[in-house]
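Read through the structure below, which is laid out as structure tokens, and then see the notes.
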There are 2 protein chains.
Amino acid sequence: MTPAQTAMVADLSRVLDPAGIVTDPAAIAPWTVDWRQRWKGVTPAILAPRSTAEVAEVVRAAARHRVPLVPQGGNSSMVGGATPPEDGSALILSLRRMTAIRSLSPSLAVAEAGVILQTLNAAALTIGSRFPLTLGARGSATVGGLVSTNAGGTQVLRFGTMRGLVAGVEAVLADGTVHDGTGALAKDNRGYSLDQLLIGAEGTLGVVTAAALRLVPAVVARAVAWAGVADPAAALALLRRFQAAGDAVESFEILPAETLDAALAHLPDARAPLHGRHPWHLLIEATAASAEVEPPAAFVERVLAQALSDGLVADATIAASEAQAEAFWRLRDSLSDAERAQGPATQHDIAVPVDAMPRFMVEAAAACEARFPGTRASGFGHLGDGNIHFHVRAPRVVDRDRWFGKDAPAISRFVHDLVTQAGGTISAEHGIGQMKREELARLAPPGRLAALAAIKGALDPLGILNPGKLLAPASPPQ
Amino acid sequence: MTPAQTAMVADLSRVLDPAGIVTDPAAIAPWTVDWRQRWKGVTPAILAPRSTAEVAEVVRAAARHRVPLVPQGGNSSMVGGATPPEDGSALILSLRRMTAIRSLSPSLAVAEAGVILQTLNAAALTIGSRFPLTLGARGSATVGGLVSTNAGGTQVLRFGTMRGLVAGVEAVLADGTVHDGTGALAKDNRGYSLDQLLIGAEGTLGVVTAAALRLVPAVVARAVAWAGVADPAAALALLRRFQAAGDAVESFEILPAETLDAALAHLPDARAPLHGRHPWHLLIEATAASAEVEPPAAFVERVLAQALSDGLVADATIAASEAQAEAFWRLRDSLSDAERAQGPATQHDIAVPVDAMPRFMVEAAAACEARFPGTRASGFGHLGDGNIHFHVRAPRVVDRDRWFGKDAPAISRFVHDLVTQAGGTISAEHGIGQMKREELARLAPPGRLAALAAIKGALDPLGILNPGKLLAPASPPQ
């Protein structure tokens, strides 16, 4: 520990309970590496307060001693957003002990930052409601991280990202001020929205300690279908038919045949949902929150039957049971892991306008493979949001150091250029973190970058909140 | 004109067409007074660019010459937010000539800042869609003003405020940078949301030049009902019944008998919707965007019939024709004008949590009348949003100077204290502007005020954008 860190921890030992200051290297280790194992950070201590007041004390101590903090929830960032820097200068501020669901009503939950998404989902269900956001990491991702990354997931098509689901944020600002927006007034126009500013700020403007989250009525029936189509254009045409027929579709995921193959290889018990081979696959979920509307299965069957008879869809099946529905979803949720098991790759969480995505998927993959011979490029994900995870796999024979050190960054720049030219974003849902910071600096309009840096400088003048994430540090903390 | 203003206008005469620089005092005069005639400002010129590029030139010239700008749309601010300061230091930047609807699809319109709400509504209708926000000033309020004030109105219950309806903002920042968020990607996590920061910023952080706005399917059927109830608690109970029965209700407005009386007196041709006298009245609108769902009239009748038989509602009627529906709405939309015609009053646009509003309405009115003898206090408005317009009328015999100079401000402080104690907001939908600036400074947590001021200082360091609105100027522009 540096002298400043030692003094800060000594101060906090009078505020936090013994479990609130973790200095055992073995206990710290798992939290200094991101889950993709790309960033390995160093920290001498994890601070784990139990309340907003304690978080405020930690932040005040950090400001006093000029020790940076890395806020951390489930540590499931895809962009190194929660990993401490390598120089050991920062302490991790873990929110994982703040696990209270402070209130729960049919339309609103106020949950602390450390509540795990799956726990929140389960709590909402007990009162006949649901929090309509889910993602592969639901067993580890926390409310604080979901807010701070403006998380998306597989239900954005119908319910939007966190930005639309958060009714208010409680956070500790860099000066120790507690901002409490969880009163969740339906209307409040008292100046700039700090809540919205904190959503997606990746812990660089404040430490999210709780959030008021909108709930919707629980699902009473769902239909999960799997369909095979010729290309992404046919997939989008099918989505438009579903949307014209009603608003029940909440997931519309696309994946190419080779990605399905990878998932089937990765999951030993999994079976292909369709017979025969199709170039592209779709996972479609429709739900109903009331027994009085058309059953989702009937709705999905109606639209799919027409599409089959028109030749828009080559084959399709509706899960005959909840077990089969879960099996379909397990295939989808395993894609990241399955691709990781296939060897070195570089991933891109990108979006373009929805209508432009089918063509982009095909053309960008072809352009990539032509430019970088031996690579295999493909995208899967949230077609209905115009957001895919575009992965480029390394050639079979590859020098890993060269790949990760040189080829992968070059490929990423190439992909990001294509996306930018298409009016898209280099980060649709994962954020910027460490991974995309230089790319953001390279591609964002200078005026926008200047505005972001000005906001950061205004709200965190000492640079103590997650420095080096999203934006380059203005200067080392004094 | 000051020498700096003269030099700035000379610069801009090479950029703007002749109609873009208005210096005729008679042409300027109507735009220097707010519609409630509370604030009378002074300016030597109105600048009226026709394009975003021209707005950027105006802002750059303002920065160069250190001349503040007051962005202005329809000049229908309720809080003096678009009125220039009295010292003549600022020029008005009118967005009223930017009237293009740049694109229109079933789910999205990109409209320039000067597009009038009614025009946007009409344009959406031509393609079978609608922009689900309306308010009394729809014939003058512009897109830029609606975005900059995070406007609400009578449909927030179902569709939310502007914050949820804006998919992206185009704006000119204080350094002349054009921020373009109108690409309207469904997901985009490239750092802090400038779009959300500009919504509700009252033109103090940037000049909104266009916005991408979400559209929903047009209404194919609506039912407009009028009901009489004993008290606000019964009204909220009725709303909860409607919400439990479906999601078709999009307006649920409450007004007391004396406010209805004022409207009936103000509109010579208007008739009371119900026979007999009821302490409180409700205007309820339900809509359907498809002929395949339960007709709204049947839905409303079903819920009202049960409520009548239970005694929750004393009397109710459903408009038998569009003409009658319009007549009901005309009563509602005339309330502000009608109350203004009754003599001096002080108005408060406040919100508390929805469930707390019935009790608040009754108790706050009683507390006000007890504390300020001779006054009459009552609230009307958006019960479903927990947002009412709480008006306190002066005693019949009143010294106007004393009322506006001393009594009304004292009453407002009293009301705002009550609202703050109830966890509410002193500005639910009108914003802060000039009118509530000191009250915001008095009642907001100091840490929050410091954060707002830091953001303002970071994004408008020269203080050229709508100085003195929302926040006190940090220092006079140099």
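Nothing in this text is a laboratory measurement; each read-out follows from the coordinates by a stated rule. These figures come from a predicted structure and were not determined experimentally. Methodologically, a virtual Cβ is constructed for each residue, glycine included, from the backbone with ideal geometry; neighbour enumeration extends over all protein chains shown.
Round to the nearest 10 and give me the degree value, 0 to 90, for the angle of helix B:52-65's Cα axis relative to the longest principal axis of chain B.
Computed tilt is about 60 degrees.
Cut-off under 16 Å on the C-alpha distance; same-chain residues fewer than 8 positions from residue B:406 excluded. Which lysines are left, in chain and number order?
Candidates past the 8-residue exclusion: B:436.
Just check the stretch A:221-335 against the gyration tensor rule for me: Cα atoms, a ≥ b ≥ c as the square roots of the eigenvalues, rounded for a/c under 1.5, and otherwise prolate or oblate depending on whether a/b exceeds b/c. Show your work: numbers first, answer last.
On the way: a/c = 2.02, a/b = 1.28, b/c = 1.58.
Judged from the Cα gyration tensor, the stretch A:221-335 comes out oblate (a/c at least 1.5, b/c at or above a/b).
Measure nothing but the geometry: give the 0 to 90° angle between the long axis through the Cα atoms of A:3-12 and the longest principal axis through the Cα atoms of chain A, rounded to 10°.
The two axes meet at around 80 degrees.
Using the count of nearby Cβ atoms within 10 Å as a rough guide to exposure, how do A:336, B:148, B:290 rank from fewest to most?
Details: A:336 18, B:148 33, B:290 11.
Fewest to most other Cβ atoms nearby, the residues stand as B:290, A:336, B:148.
Can you tell me the order of B:95-104, B:253-262, A:393-402 when each peptide is scored by its average per-residue count of other Cβ atoms within 10 angstrom, highest first? Kindly include the intermediate steps, with their values, before the conclusion.
Values: B:95-104: 18.0, B:253-262: 21.1, A:393-402: 13.1.
With the highest mean Cβ count within 10 Å placed first, the list reads B:253-262, B:95-104, A:393-402.
I need the peptides A:139-146, B:47-54 ranked by packing, meaning the mean over residues of other C-beta atoms within 10 angstrom, with the highest value on top. Walk me through the numbers on the way to the answer.
Working: A:139-146: 26.1, B:47-54: 20.1.
For the peptides A:139-146, B:47-54, the packing ranking is A:139-146, B:47-54.
Would you mind checking which residues have amide H under 5 Å from residue A:102's amide H? H placed 1.01 Å from N; only 5 or more apart, or other chain.
A:110, A:111, A:112
For residue B:330, go 7 angstrom from Cα along the Cα-to-Cβ vector, then report the distances to that same point in the other copies in nm, smallest first.
6.6
Quick one: putting +1 on the C-beta of Lys and Arg, -1 on the C-beta of Asp and Glu, what dipole do you get for chain A around its Cα centre, in Debye to the nearest 20? Numbers along the way, then the final one.
Numbers: 42 positive and 46 negative charges, 143 e Å.
The dipole of chain A has a size of about 680 debye.
When each copy gets a label point 7 Å from Cα toward the beta-carbon at residue B:53, what are the spacings between them in nm, shortest first?
So the distances to the same position in the other copies read 6.0 nm.
Once you average over the residues of A:338-348, how many Cβ atoms of partner chains fall within 10 Å of each Cβ?
On the way: counts 0, 0, 0, 0, 0, 0, 0, 0, 0, 0, 0.
Counting Cβ atoms of other protein chains within 10 Å of each residue's Cβ and averaging gives 0.
When a/c reaches 1.5 or more, the comparison of a/b and b/c decides; with that in mind, is the stretch B:322-400 rounded, prolate or oblate per its Cα gyration tensor? It would help to have the intermediate numbers written out before the result.
Working: a/c = 2.78, a/b = 1.20, b/c = 2.31.
Verdict is oblate for the stretch B:322-400.
Using 0.36 nm per residue of separation minus the Cα-Cα distance, give me the extension gain between residue A:308 and residue A:86 in nm, one decimal.
Extending this stretch completely gives an extra 74.4 nm.
Test of understanding: extend the Cα→C-beta vector of residue B:320 to 7 Å, then name every residue of the stretch B:264-282 with backbone N under 19 Å from that spot.
Counting only backbone N, you get B:270-276.
Residue by residue through A:172-179, how many Cβ atoms from other chains fall within 10 Å of the Cβ on average?
Working: counts 1, 5, 2, 4, 1, 7, 3, 4.
Partner Cβ neighbours, averaged per residue: 3.
Give the aspartates and glutamates whose C-alpha is closer than 13 Å to that of residue B:40, dropping any in the same chain fewer than 8 places away, or say none.
B:86, B:87
Could you check the simple spin-label distance between residue B:367 and residue A:40, using points 7 Å along Cα→Cβ, in nm with one decimal?
6.1 nm
Quick one: label points 7 angstrom along Cα→Cβ at residue B:421, distances to the other copies in nm, smallest first?
For residue B:421, the inter-copy label distances come out at 6.5 nm.
HN-Hα J couplings of the stretch B:368-373 from phi, Karplus 6.51/-1.76/1.60, θ = phi - 60°, integer Hz, Gly and Pro as x?
5, 5, 6, 6, 10, x
Which FRET efficiency value, to the nearest 0.05, do you get for residue B:51 and residue A:233 by plugging their Cβ-Cβ distance into 1/(1 + (r/R0)^6) with R0 = 30 Å? Could the numbers behind the result be given before it?
Values: r = 35 Å, r/R0 = 1.18.
With R0 = 30 Å, the Cβ-Cβ based efficiency is 0.25.
Starting from 0.36 nm per residue, how many nanometres of slack lie between residue B:257 and residue B:100 once their C-alpha separation is accounted for?
Numbers: separation 157, 0.36 × 157 = 56.52 nm, distance 4.27 nm.
Working it through step by step, the gained length comes to 52.2 nm.
Can you pull the semi-axes for the protein assembly as shown, root of five times each eigenvalue of the Cα gyration tensor, sorted largest first, whole Å?
Details: eigenvalues 406, 244, 165 Å².
Here the semi-axes work out to 45, 35, 29 Å.
If I model a spin label as a point 7 Å beyond the Cα along the Cα-Cβ vector, how far apart are those points for residue A:159 and residue B:14 in nm?
5.7 nm
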